[in-house]
Amino acid sequence: MLRWRAGTVTGVRRRWPGAVECEVRVDTAPRGSAGPEADGGAADAPGAVVRALAYVELVGCPVAGDRVLLNTAALARGLGTGGYAMVVALPEALPADPPAGPGHLVKARYTPLQAMVLGVDEQESEHHDALAGADDLGGAPVVVADLHSALPAVLAGVRSHEPGARVVYVLTDGGALPAAFSRAVAGLREAGWLAACVSTGQSFGGDLEAATVHTGMLAARLVAGADVLVVAQGPGNLGTGSRWGFSGVAAGEALNAATVLGGRAVAALRVSQADARERHRGLSHHSATAVGRVALAPVDVAVPAAGDEAGGFWDGVREQARALCAPVGRHRLVEVGTAGLDEALGACPVPLSTMGRGPQQDRAAFVAAAVAGRHAAALLG
């Protein structure tokens, strides 16, 4: 559960829209907790300086000298994506009350930091009438990925075929709930590669807020004007090493939603040539499960074309993907040319990284996402 610490901000490291990363010197631990010697010099022991993340709209904007309350549970466990100390409150510098206005959609519900927002689909929204009876994406391509790290690569693929396409990101709630956690989204928005972000379910902080992934897709198309939609969880994929115990299962449900709503669903496969875990090398078991078993309606499964990406590794990936497709499975295998994709990925305005690996270490992960984006752009006609 929560691991409480208190401390003082010693400086601000960096900031991006909606978030501030600062350094905090821990000076208070709960009564009765082990000291730094007894607990082996814990990362959050009194005297330690830790990286802490504050969401400005939730807790305010910390500056040097501010006292802060922290939750250090993820930091103490040494988690990767979520391994920050999280600022829970600035008790001596409380932010101003939000301005009075419409909106009764509660996200991160019934937690101490639940956020009340105006949902694009709720009755008080100016867009409610447009969405109240909407159920058709009009054939818009919808790329669905397991990992958040696929997002920049998918966009690179889209732009390699259709530079002017308007792309909207639909954020699901399998990973980080605050949209502000993603520096990639902030950078892609700033560079003009991404037109908008729609946060759905329990996630929050997008340009538009939606109650479900279904209304999030509809809002992306009908309100944000998307030509291409990209659906993925936020940073911080949850996995347990079990067949069904991973947050990417929801990718299969998103493919179903896209099809039910009249979109052209495209599966961006999770692929790796460098992961140390056998279950993720080649075609990840996450994609095999989410696409092969959860996605019940036929979708396009994009893979690099054999003529461009030959060799044992890619031959194996295509064979694994073919097992998900007709006549064995239900989906449609689409081979996509990769000429120029490395250059498109190299032009990405944000760093490409998946599980701590970049294109030099795991090129396949990014190429697999990019071909899904390129195929989606080709569907625009």
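The values are calculated or read from the model by the stated rules, or taken from the named source; none is laboratory data. Source: prediction; values computed, not measured. No Cβ is skipped: glycine too gets one built from the backbone with ideal geometry, and neighbour counts run over all protein chains shown.
Tabulated data for the structure shown
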read-out: Per-region count, segment 188-205, residues part of a strand (DSSP E or B) and in contact (Cβ under 8 Å) with a residue 40 or more places away in the chain; value: 3
read-out: Tally, over segment 122-150, of residues that are closer than 21 Å to D300 by Cβ and assigned to a helix (DSSP H, G or I); value: 1
read-out: Any hit, segment 152-173, residues being assigned by TED's automatic domain parsing to the domain that holds W16, surrounded by fewer than 24 Cβ atoms within 10 Å (Cβ to Cβ) and either among the polar types (S, T, N, Q) or assigned to a helix (DSSP H, G or I) (or both); value: no
read-out: When residues of segment 332-356 are limited to those that are among the β-branched types (V, I, T) and closer than 11 Å to L151 by Cα, the one surrounded by the most Cβ atoms within 10 Å (Cβ to Cβ); value: T354
read-out: Checking Y110 against (1) in contact (Cβ under 8 Å) with a residue 24 or more places away in the chain; (2) over 20 Å from S182 (Cα atoms), the condition it does not meet; value: (1)
read-out: Residues of segment 65-91 satisfying the condition of being within 17 Å of C22 (Cα to Cα) and of a type in the set (D, E, K, R); value: D66, R67
read-out: Residue in segment 356-365 that is in contact (Cβ under 8 Å) with a residue 60 or more places away in the chain, in contact with a helix residue (DSSP H, G or I) (Cβ under 6 Å, 6 or more places away or on another chain) and closer than 21 Å to A156 by Cα present; value: no
read-out: Wholly enclosed helices (runs of 4 or more DSSP H) of segment 230-329 bearing at least 3 residues surrounded by fewer than 16 Cβ atoms within 10 Å (Cβ to Cβ) and of a type outside the set (S, T, N, Q); value: 312-322
read-out: In segment 50-78, the residues that are touching a residue at least 60 places away in the same chain (Cβ under 8 Å), aliphatic (A, V, I, L, M) and part of a loop (DSSP other than H, G, I, E, B); value: none
read-out: Enumeration of residues in segment 206-229 that are on the phi > 0 side of the Ramachandran plot and either in contact with a Gly (Cβ under 6 Å, 6 or more places away or on another chain) or not in a loop (DSSP other than H, G, I, E, B) (or both); value: none
read-out: Filter result for P95 (over 30 Å from R270 (Cα atoms), surrounded by fewer than 15 Cβ atoms within 10 Å (Cβ to Cβ) and not acidic (D, E)); value: yes
read-out: Filter pass, D121 being in contact (Cβ under 8 Å) with a residue 24 or more places away in the chain, surrounded by 15 or more Cβ atoms within 10 Å (Cβ to Cβ) and touching an Asp or Glu at 6+ places or on another chain (Cβ under 9 Å); value: yes
read-out: V185 being part of a strand (DSSP E or B) and either touching a residue at least 24 places away in the same chain (Cβ under 8 Å) or hydroxyl-bearing (S, T, Y) (or both); value: no
